[in-house]
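See structure below.
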Amino acid sequence: MAKPSAELLEILVCPVPECRAALVPHDQELVCAACGLRYPCEGAWPTLVPEEARPAENQEAR
Ligand SMILES: [Zn+2]
């Protein structure tokens, strides 16, 4: 299964303007190391859109 390359991960950062932290691959998502938003990753290209991201696991309200 395709996944982001190490080179791509090195240049990717959280798209939230006030965050811009590194992203850590986790399962099929990229997790922001700072704010914890989880970006879906379909194939080799992650969807780095805050509106598409899921909140951090410990912040899921329900
Ligand atoms: Zn972030």
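Here, each number is a calculation from the coordinates, and none is a lab measurement. Note that this is a predicted model, so its numbers are computed, not measured. As a convention, Cβ positions derive from the backbone with ideal geometry for all residues, glycine included, and neighbour counts pool all protein chains shown.
Could you give the dipole magnitude of region 13-62 about its Cα centre, charging the beta-carbon of Lys and Arg +1 and that of Asp and Glu -1, in debye to the nearest 20?
Numbers: 4 positive and 8 negative charges, 23 e Å.
Roughly 120 debye for region 13-62.
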Checked the chain with the C-alpha gyration tensor, a ≥ b ≥ c its square-rooted eigenvalues, rounded below a/c of 1.5, otherwise prolate if a/b is larger than b/c and oblate if not; verdict oblate
